[in-house]
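Below is one structure, written out as structure tokens; comments come after it.
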Amino acid sequence: MRILDEKREGLYVIRTLDVLMSSGVGLEAALHTIGQGGYGIISEDFSKIMKKLSSGNSRGIEYEIKSMMNTAESDGYRRLLNTLYNNVTQNTDIVETLRKQGSRLEEERAEEVKKYIEELGGVPETLLSIGMIGPIILSIAGLIPQLLTGDIAAFMSIPDPDLIKSVVNGGLVITLVGMFFIGLKAHTKDPGL
Amino acid sequence: MFFRFLESFNSEPLLLYLAVIGIAVAGGGIPPMIELNRRRKIENSLPGLLESLASSVGAGHGLQEAMMEQAKNTPGLLSELLLQTLEESHASDINSALTSFSAKTRSSQVQRVMMLIETAMDQDAPLQVILESLSHDYERLNDLINKRENELLGRGILIIMFVSVGLPVLIAFIVGLFAPASAGFKLDDFNATFGTFFAAASAVGVGVSGRMLGRLKGYLWFLPLWMAISMGLYLGAVKAIGGG
């Protein structure tokens with residue numbers, strides 16, 4: 001997932017840009033260094049920018065950064081691209097902004113980890129509840145044709161055993177899907193450490 | 001009696017396949033666990049090493065000299081690897097020593113740090129400030145990783161215990177008590193369906209537990225074994241309680 005990769009690499013990219021630019025490297029050279037690899041999806045993005053610039057088909061680095069902002073999925077990465085864009089167009093103090101952004105991103109990451117741990121706190125009990133209620137009801141339903149026999153069966157119309165079997169199978173599949181979706185938040189809300 | 005009990009599972013080929021595959025594959029899950037432990041030890045000692053390097057560089061030593069000094073004086077796996085690399089590469093330049101060191105650690109954190117140090121040296125950036133800043137960054141990162149690990153490990157184990165062990169045994173108890181095969185209940189199809197369900201539920205549980213801790217790939221090695229355990233527990237408990 002792109003957003004996870006952006007979150008995971010964002011802070012490292014900011015720190016590297018900080019080191020490079022505070023020691024006098026220009027923006028294009030810094031983007032080129034990161035584009036060479038080691039920073040996942042962000043390296044791929046920067047590499048694309050550099051390829052377009054060197055091919056001569058680009059209108060300029062500012063347009064490439066701006067178009068990359070539409071591709072970015074995480075707020076942190078979008079803010080970083082915005083900082084780079086402002087530096088190119090308005091000659092802002094990029095090193096200072098990068099440092100502030102790095103601290104902010106770090107705080108956000110700590111908050112996200114805390115939230116992630118809190119949100120996953122109830123998952124074991126929820127999985128057990130869903131996984132227990134479904135099979136208990138469905139096991140009774142599945143045994144109805146055998147439990148209700150003799151005189152009771154004469155008073156009640158028991159559905160066809162094949163229909164009951166289909167209902168039980170369907171119910172168990174729905175239970176599994178439910179359990180899967182409860183567990184899915186362990187993946188979607190990952191803070192990307 | 002034990003062998004007769006085992007033979008009673010002959011009509012459950014899925015359980016037998018899963019058990020055989022599970023036992024065979026589980027061995028593959030041990031090296032990633034050992035490697036993870038080793039990597040975490042290295043990563044946890046990285047901020048300390050960076051801080052010491054920053055102090056030495058601040059005191060006027062060169063990076064290579066500072067590294068040699070710290071490698072000799074600091075205990076731990078990271079220092080051992082650093083000393084080994086520096087001794088092996090005394091004739092080559094510092095950049096290739098750093099690259100070799102980061103490759104030996106097999107840690108992405110160390111690789112990133114070494115790459116940044118190399119870049120900083122190439123650009124003549126202030127090393128002391130960078131090392132200090134990196135030390136703080138990675139200390140905070142490792143604190144977060146350790147916190148996640150400590151707080152979620154118990155919950156991850158609880159999920160596996162609830163879903164793979166508790167759930168099949170509970171349902172087996174209910175089925176075995178209220179519809180025992182010894183009383184003439186025909187449960188072959190029913191048990192096959194529920195056995196498969198518990199295997200699948202166990203797979204979901206193990207997957208969620210692994211993803212929670214950020215080591216899904218490592219947990220996948222144990223997936224077939226847990227599926228077999230879950231299925232076996234259900235079918236075994238139903239037979240043990242309900243007879244047949």
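Among B:1, B:161, which comes first, second and so on when ranked by fewest other beta-carbon atoms within 10 Å? Neighbour counts put them in this order, fewest first: B:1, B:161.
Each of A:6, B:35 was scored by other Cβ atoms within 10 Å of its Cβ. Listed from fewest to most, they are B:35, A:6.
Rounded to the nearest 20 debye, the dipole magnitude of the protein assembly as shown is 820 debye, with +1 charges on Lys and Arg beta carbons, -1 on Asp and Glu beta carbons, and the Cα centre as origin.
For the pair segment A:161-180 / segment B:45-90, the C-alpha centres are spaced 61 Å from each other.
With Cα atoms as the point set, the radius of gyration and Dmax of chain A evaluate to 27.7, 92 Å. Step through the table entries A:7/A:185; A:114/B:104; A:7/A:66; A:189/B:217, compare each Cα-Cα distance with 27 Å, and write down the pairs that go over it. In this structure, A:114/B:104 exceed 27 Å between Cα atoms.
Quick one: net charge around residue B:187, please, counting Lys, Arg +1 and Asp, Glu -1 for every other residue with C-beta under 15 Å from its C-beta. The partial results should precede the final answer.
Working: positive: A:165, B:186, B:239; negative: B:12, B:188, B:189.
Local net charge: 0.
Computed from backbone phi, the HN-Hα couplings of segment B:24-39 come to 5, 7, 4, x, x, x, 6, x, x, 5, 5, 5, 4, 4, 4, 5 Hz, rounded to whole numbers (Karplus: 6.51 cos²θ - 1.76 cosθ + 1.60, θ = phi - 60°; Gly and Pro given as x).
Each of B:146, B:184, A:33 was placed along the dipole of the protein assembly as shown (beta-carbon charges, centred on the mean Cα), and the one lying farthest toward the positive end is B:184. Look at where the Cα atoms of segment A:106-124 and of segment B:116-146 average out, and the two centres are 26 Å apart.
What you get for segment B:41-145, charging only the Cβ of Lys and Arg (+1) and of Asp and Glu (-1), is a dipole of about 300 debye around the Cα centre. Just checking the listed ones, A:17, A:81, A:138: in the Gaussian network model of chain A with Cα springs under 10 Å, the one fluctuating most is A:138. Panel note: the C-alpha atoms of chain B, placed on their principal axes, show extents of 87, 31, 28 Å (largest first).
Farthest toward the positive end of the dipole of chain B, out of B:114, B:236, B:89, is the Cα of B:236, where the dipole comes from beta carbon charges about the Cα centre. The residue B:189 and residue A:52 beta-carbon pair, evaluated with R₀ = 51 Å, returns a calculated FRET efficiency of approximately 0.25.
Our summary gives segment A:120-188 a relative contact order of 59 percent, counting only alpha carbon pairs under 8 angstrom and 6 or more residues apart.
Would you work out the relative contact order for segment B:14-166, in percent, from Cα pairs under 8 angstrom that are 6 or more residues apart? Answer for segment B:14-166 is 27 percent. For segment A:120-188, the average shadow cast by the Cα convex hull is 5.2 nm², which is a quarter of the hull's surface. Excluding residue A:54 itself, calculate the net charge of residues whose Cβ lies under 12 Å from the Cβ of residue A:54, where each Lys or Arg counts +1 and each Asp or Glu counts -1. Summing Lys/Arg as +1 and Asp/Glu as -1 gives +1. Considering only A:55, A:129, A:22, the residue lying farthest towards the positive end of the dipole of chain A is A:55, judged by Cα position with unit charges set on Cβ. Between the Cα long axis of helix B:223-242 and the first principal axis of chain B there is an angle of about 30°, rounded to the nearest 10. Annotation for segment A:46-130: GluC sites (Glu not before Pro) lying in DSSP loop with at most 14 further Cβ atoms inside 10 Å of their Cβ are A:73.
Using a 7 Å offset from Cα along Cα-Cβ at residue B:129, what residues in segment A:18-43 end up with backbone N under 13 Å from the label point? Only A:18-25 pass the distance filter.
Shown for B:143, A:93: other C-beta atoms within 10 Å of each C-beta, ranked fewest to most, produce the order A:93, B:143. Evaluating kT/(6 pi eta Rh) at 4 °C and 1.567 mPa s, with the Kirkwood radius of segment A:76-132 over Cα pairs in the Stokes-Einstein relation, gives 92 µm² s⁻¹. Counting only Cβ charges, +1 for Lys and Arg and -1 for Asp and Glu, the dipole size of segment A:2-92 around its Cα centre is about 120 debye.
Read-outs: derived from the displayed coordinates by stated rules, not from any lab. Please read these numbers as outputs of a predicted model, since none were measured by experiment. A quick note on method: Cβ atoms are made from the backbone with ideal geometry, for glycine too, and the neighbour counts reach across all protein chains shown.
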